[in-house]
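Since every read-out is calculated from the coordinates, none of them should be taken as a lab result. All figures in this text were calculated on a predicted structure; none of them were measured in a lab. We place every Cβ from the backbone using ideal geometry, glycine too, and count neighbours over all the protein chains shown.
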Amino acid sequence: MKKKLSPDAGLTLIEILIAVVISSLMMAAMFTSYTIVNNTYQQVTDRAKISQAGRDLVGQILREVRMAGYKYVNDDIAASTSHNPIKITKGTGFKGTCDKLEIVYGGIIYDGTKPAGSRYSYTRYKITYECKASTIIDETIAGGATPIDGFSVVKSKHVWDTVANGWKNPATDGDDTTYFEEKILDYVQDLVFVPFNEDGQIIGSTSSGTVTPSNALAYDVKTVDIGLVIRSSKPFYRADKKLDNTVRKIMSITSGRNIQEQDKYLRETISVTANARNIGLN
């Protein structure tokens, strides 16, 4: 016999409400798990990005410090204080200025339009690393017009004018290898350069506004300590964290260079020692 279905069969309102509540709880749990995993991933990614970007910059500076003072064997350009291999202009630190580094080395220019035997000429190149105030807007400050507390590192490359005895303007020098103030890194908190002589002593003054080494000590640099502090682009910690001075040893070489910010951002210090292997061959 066929079983006749009751016209009242189905789910009650209470059963539907229970199912909705259970589904909502499951969705909330899944969303919470996703949010936690996503935030953790973004933190790890942000940390990896600032670390890699900072190390790329420091590695680039390290390689170019090794080039400082290099000259070709038959280089016939007259010596000049403008050609000092390494010049460091000291800054004031965070919320002030970074150190400025100028590196000079010898180069060679090939001109295929000239007769054979005179197609090569010698020159000098100068590479400059310095900081400019960052123009990135701080999203944590209302108004959308306040830049972050930090710097952008810019790099310039100039070629020497052997006729006028001065550095040419990269915009008009006709050399496609030169450029002026190309931004290479942002979210920088400080950049420090400290030169040492063969006895391991600091060359020149470490106070802000000074240029070191002097002309008399221009060829005494044996190593340069490079210190970089870089900040995460987004908040990293849940609560404000005060920066520990003990991790800023490279900054303590220059007085007043410690960073005392108490915020949610991650800061990483990268420091290396570059061997100025070509200096002293003048």
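The mean of 1/r over all distinct Cα pairs in the stretch 130-199, once inverted, gives the Kirkwood hydrodynamic radius of 15.0 Å.
Over every Cα atom in the stretch 32-145, the radius of gyration and the widest Cα-Cα span, Dmax, amount to 22.4, 74 Å. Computed over the chain, the percent of Cα pairs more than 36 Å apart is 36. Beyond 27 Å in Cα-Cα separation lie the following of the pairs LYS126/LYS234; LYS95/LYS241; LYS49/LYS126: LYS126/LYS234; LYS49/LYS126. Taking the number of Cβ atoms within 10 Å of each Cβ as an exposure proxy, the fewest-first ranking of ASP220, ASP99 is ASP220, ASP99. For ILE203, ILE184, ILE108, the sequence from fewest to most other C-beta atoms within 10 Å is ILE108, ILE184, ILE203. Relative to the longest principal axis of the C-alpha atoms of the chain, give the angle of the C-alpha long axis of helix 13-67, reported between 0 and 90° and rounded to the nearest 10°. Between helix and principal axis, roughly 10 degrees.
For the chain, excluding the exposed loop sites themselves (GluC sites (Glu not before Pro), DSSP loop, at most 12 other Cβ atoms within 10 Å), the longest remaining stretch covers 1-138. Determine the calculated [θ] at 222 nm for the chain from helices alone, applying -39500 (n - 2.57) to every DSSP H run no shorter than 4 residues and normalising by the residue count; nearest 500 deg cm²/dmol. So the calculated ellipticity at 222 nm is -7500 deg cm²/dmol.
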